[in-house]
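Novice: Starting off with a structure, shown below.
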Amino acid sequence: MKKTGILLMGMLAILLMSFHTVDEEELRSLYWQAANSREAADQLMKALSAVDDQSEPLLVCYKGAAEMLQAKYVLNPFSKLSRFQKGKALIESAIKRDPEHFEMRFLRFSIQCNLPSFLGYNDWIETDKRMLIDRLGGLGDTAFKQDVIKYLSGSKYCTKEELKIIGK
């Protein structure tokens, strides 16, 4: 009887965790902060701890970005490379599942813009940038839109003509 009760409690806990949703605004906020704060990077990873490759693609993509941000804060080069590879695989699998998702393409763009070129993960910068610029006008979330515009404007990848298109 006691074992059955413990088993049921465990199953209930797993069931409740599977219904836990992660707030997109919280993810965005932690993502921006994580570039300069190990604490925020750790919080982002914790918020995404239940996410696996079968989760919603946006969450998988954020988890991939979080893995890459964690690489920034580890000292061991093998750990850095491992985090990078895991993050890349998660980002690419998420985008493969939903290639037109604006926010996932933005995440990949922002990650690729900040990685050292020797890692060779920069193939999508131009494609993602073009998609972001082309679809920016149709983005309904004003705050997120402003964040994207600010990021694009500050990146070294936008031409003067592209900056005019996005209004900067």
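FYI, it's all coordinate maths here, none of it is from the lab. Please read these numbers as outputs of a predicted model, since none were measured by experiment. As a convention, Cβ positions derive from the backbone with ideal geometry for all residues, glycine included, and neighbour counts pool all protein chains shown.
Novice: If you average over every viewing direction, what projected area does the convex hull of the Cα atoms of the chain give, in nm²?
Specialist: If I average the Cα hull's projected area over directions, I get 11.7 nm².
Novice: For Ala35 and Glu92, calculate 0.36 nm times their separation in residues minus their Cα-Cα distance, and state this gained length in nm to one decimal.
Specialist: Working: separation 57, 0.36 × 57 = 20.52 nm, distance 2.02 nm.
The span from Ala35 to Glu92 would gain 18.5 nm if fully extended.
Novice: To the nearest 10 degrees, how steep is helix 142-154 against the longest Cα principal axis of the chain, on a 0 to 90 scale?
Specialist: Once rounded, one gets 60 degrees.
Novice: As I understand it, the value is the acute angle between the Cα axis of helix 125-135 and the longest principal axis of the Cα atoms of the chain; what does it come to in degrees, rounded to 10?
Specialist: 90 degrees
Novice: Taking the simple approach of a point 7 Å from Cα along Cα-to-Cβ for both Glu24 and Leu163, what is their distance in nm?
Specialist: According to this spin-label approximation, the distance is 3.0 nm.
Novice: If you take the beta carbon distance between Lys145 and Gln85 as r and set R0 to 25 Å, what does 1/(1 + (r/R0)^6) give as a FRET efficiency, to the nearest 0.05?
Specialist: In this case the efficiency is close to 0.20.
Novice: So what's the angle, to the nearest 10 degrees on a 0 to 90 scale, between helix 57-73 and the longest Cα principal axis of the chain?
Specialist: It works out to around 80 degrees.
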